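The structure appears below as structure tokens.
The values are calculated or read from the model by the stated rules, or taken from the named source; none is laboratory data. Since we're looking at a predicted model, the values are computed, not measured. With ideal geometry, Cβ positions are generated from the backbone for all residues, glycine too; neighbour counts draw on all protein chains shown. Remember, those area values only see protein heavy atoms, side chains included, never the ligands or the DNA or RNA. Shrake-Rupley method; radii C 1.70, N 1.55, O 1.52, S 1.80 Å.
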Amino acid sequence: MIHIEIFGLFAGLVALGIIVLIFIAALGLIKWLLQGYFLFRIAERKNLDIPLLSFVPFGTFYVAGQEFDGNVFQKGSFNPKHLGLIFAITGLVVYFLGLSIGDIAISYLLMESIIFIGIFNAYTRNIGVAILLALLNVLTAGIAAIVVLFLYHRKLSKTFNDPVDTDDVDQHRNI
């Protein structure tokens, strides 16, 4: 009798674990898609090299690394393409040096936060705040990066705003 109850308890815990795992995987997928989309849009607006790499896990390092030029370092002191490539290769090396799944996830998140300092600094124009946002990004498991990327995308959209269609203005003038 007692063996059946213990088996039921373990089966329930396994079912609960599977549900939690599916939930975490869904959140991770949503985070990856949102972060990739906003990084892609920023890379397009700023005419960065190969913006489609924003959706590739280590491609984000390449695209975000290009933001360091002129935002963290003196403009022209590094070739942004080379700096992005250095970040992507460093990220891959750190990733493969991870010993377990937890180490890999933590090292990826830390590298991502360091590399996003260029974007955070481009948004805030203050290196201290950019570093604090990178720390916040680590603490929130990457959610802070999505928020900042969204806000920076909006800021760039207002800066590079397309002219207003005059037909819409004329239609609503008499209302």
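How many residues, within the stretch 61-82, are modelled with pLDDT under 80 and of a type in the set (Ser, Thr, Tyr)?
1
Can you go through ILE42, ILE4, ILE24 and tell me which one is under 30 Å from ARG154 (Cβ atoms), open to solvent by 90 Å² or more (accessible area, probe 1.4 Å) and β-branched (Val, Ile, Thr)?
ILE24
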